[in-house]
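Only one structure is covered here, and it is reproduced in the block below.
The values are calculated or read from the model by the stated rules, or taken from the named source; none is laboratory data. Being a predicted model, the structure only gives us computed values, none of them experimental. Here the Cβ positions follow ideal geometry from the backbone for every residue, glycine too, while neighbour counts run over all protein chains shown.
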Amino acid sequence: MKKWMRALAMALALLAPCALAEGTAASLATLTGVEWIDGTTLLAIEGEGGEAMANLDGVALTEPLYTNFSADCGVIIAAQQGTGSYNAYGAMRADGTELIPFAYGDIEVLSPEWAVAYKLVEATADNYDYTVWFEDDVYLLIDTVDIYNLATGECLATLPRANFADAQTVGHSLNVEDRVTGEVTTYDAAFNVLGNPDNIWDEDFAQIDLRTFYNEDGMVGLEDGAGNVVVEPVYGYIASFYGGYACVEVGGKTGLIDETGALVLPTEFDGIDTSYQMPVDANGETTGYNAFGYFAIEVDGKLGYADQQGNITCAPTYSIDALENNGASATFTDLEGKLHILAADGVETVVEGYDDVYPLSYMGGLFYRVRDAEYNYGVIDWHGEVVLPLQYAGVSASGDGRYVLAEIDYETSELFEITLPVTGDAAPADDSTVAEPADAADTNAGADAADTNAGANVADANAAGTDAADTNAGAANAAGTDAADAGSGNAANNGTNNVSTSSEEQDDIKG
């Protein structure tokens, strides 16, 4: 196991933030041969035999045996180098201990509770589930599918390909569709049969934390798994829960409730928008309503923001069609081609002097990646203030949005800890400000990120064929008619918040 050497100036850097802005960055370390395991606070570090997984303290949690790291629901998927097999993928916990053996061609994490793992065999061009990137005329077929309980790491069942077409989590349960008969079976956490629902999304036999119910007037409420009323049936509509919140509707107006049933925002708005740039939650989701205490509201076709007490912090002024909601801020381009950042606290900033401005992933609209014409990168905050100057070859954030890797060159990166701006208390501003980029040395020009992945024996597979398992693991990406449509990189996570409803309303609330 290894530890990285901290930079000698680390102590001084911790005392002196990189820029005086509402959001600040403090240098923690200078690192070599590292990149984020996307969506986590873990790093992949280059070694002699492959990559190792390491934490932010510089401690290598595994030996350097792996490649193609990915993460979902706190599960780390990777391929072992040097196996000579297409079945080289396995899964680890965040501490580096093995969760699923490295014996599969693909792994899908369906929820924090369930995963399916595929063993592949060589096949022919007329009957296959996967092809392999960069290898012509290589075709692979699913042989067996193993069902895993992620809480225990136990393989609960092994199904032949003929008995597996798709799997979907509903609440705490798993629905599995038979490829031959089309029959769907619901299983509990021990893989005991609970019943046979009508379709893969049906929750009739599933173990659900919250489900909808209707009164005689057709109004909808929520009840728990024991049938206790959590939300009285006073709403015309309850949408999916994201990040602990769900939209509700009364009389054509929208509000927001939390999972206890408390009304967070009154039913006074035309809509409440989600953002896709949020920090990763326990379900592997980056979609949410609550962006650091702010909520994006729609009134008369215009976008504004409210805080957790329901106070309007940014009046709806601009058309929602012109704005891109990024969480705690939105962006739009005016008729003169100038980019504006509209912060949720009401501050509007005209951002000039950059060739590209893009919301930094996992930062919920509080920080933006900026680039100049020479491909130098930096970071600004939601008010346009410089957090990192334009002097890096690329910048990327950790899954929790609290750390940034700034590439000095293709081998060396600087790790920063981000201090978030104070949110939720600022008074709305009356006037726009104009933000200019900070002066920066014309140094490392480059792409967004160093291409450091060496690739595994199971190269990223991209199959289009009948009966394909439509997955998105680090190795295999397949698409087909009878697909197991989930994906370890971005799983459907239909167990999110374990909320469900009647089959007629399955598109509104999916467990």
Could you tell me which residue of the stretch 147-165 is surrounded by the most Cβ atoms within 10 Å (Cβ to Cβ), considering only residues that are among the β-branched types (V, I, T) and assigned to a strand (DSSP E or B)? I147
Members of the stretch 289-346 found to be surrounded by fewer than 17 Cβ atoms within 10 Å (Cβ to Cβ) and hydroxyl-bearing (S, T, Y), listed by number: T317, S319, T333
Residues being within 15 Å of Y368 (Cα to Cα) and either without any contact (Cβ under 8 Å) to a residue 60 or more places away in the chain or surrounded by fewer than 23 Cβ atoms within 10 Å (Cβ to Cβ) (or both) - total across the stretch 407-422: 3
Among the residues of the stretch 299-324, how many are over 24 Å from the mean Cα position of the chain (by Cα), under 26 Å from A262 (Cα atoms) and of a type in the set (S, T, Y)? 1
Would you check if T313 is closer than 30 Å to A373 by Cα, of a type in the set (V, I, T) and at pLDDT 95 or above? no
Among the residues of the stretch 317-376, the number that are outside any loop (DSSP other than H, G, I, E, B) and acidic (D, E) is 3
I need every pair where a residue in the stretch 73-98 that is modelled with pLDDT of 95 or more has its Cβ under 6 Å from the Cβ of a residue that is of a type in the set (D, E, K, R) and surrounded by fewer than 24 Cβ atoms within 10 Å (Cβ to Cβ), sequence separation at least 6 or different chains. N87/K119; M92/E98
When you go through A71, A91 one by one, which is the residue that is within 14 Å of G39 (Cβ to Cβ) and either in contact with a Leu (Cβ under 8 Å, 6 or more places away or on another chain) or in a loop (DSSP other than H, G, I, E, B) (or both)? A71
Among the residues of the stretch 40-49, count how many are modelled with pLDDT of 95 or more and small (G, A, S). 1
Can you confirm whether the stretch 385-406 contains a residue that is within 30 Å of L265 (Cα to Cα), crowded, with 17+ Cβ neighbours inside 10 Å and over 25 Å from the mean Cα position of the chain (by Cα)? no
Which residue out of T144, T186 is of a type in the set (S, T, Y), surrounded by fewer than 19 Cβ atoms within 10 Å (Cβ to Cβ) and without any contact (Cβ under 8 Å) to a residue 60 or more places away in the chain? T144
Could you pull out the residue among T286, T254, T267 that is of a type in the set (V, I, T) and assigned to a loop (DSSP other than H, G, I, E, B)? T286
Conditions (1) of a type in the set (A, V, I, L, M); (2) within 30 Å of T185 (Cβ to Cβ); (3) crowded, with 21+ Cβ neighbours inside 10 Å; (4) free of Cβ contacts under 8 Å to residues at least 40 places away in the same chain; number of the one not met by V248: (2)
Quick one: how many residues across the stretch 237-274 are small (G, A, S) and closer than 21 Å to V170 by Cα? 6
Kindly check whether there is at least one residue in the stretch 166-186 that is acidic (D, E) and in a loop (DSSP other than H, G, I, E, B). yes
So T423 clears everything in (1) among the polar types (S, T, N, Q); (2) touching a Gly at 6+ places or on another chain (Cβ under 8 Å); (3) at pLDDT 95 or above; (4) within 21 Å of A328 (Cα to Cα) except one condition, right? Which one? (3)
Taking the stretch 64-108 and keeping only residues that are closer than 21 Å to E48 by Cβ, of a type outside the set (F, W, Y) and touching a Gly at 6+ places or on another chain (Cβ under 6 Å), one is left with P64, L65, T67, N68, Q81
Would you check which residues across the stretch 95-112 are under 23 Å from L61 (Cβ atoms) and of a type in the set (S, T, N, Q) and list them? T97
May I ask you to verify whether F205 is of a type in the set (A, V, I, L, M, F, W, C), on the phi > 0 side of the Ramachandran plot and either part of a loop (DSSP other than H, G, I, E, B) or in contact with a Gly (Cβ under 6 Å, 6 or more places away or on another chain) (or both)? no
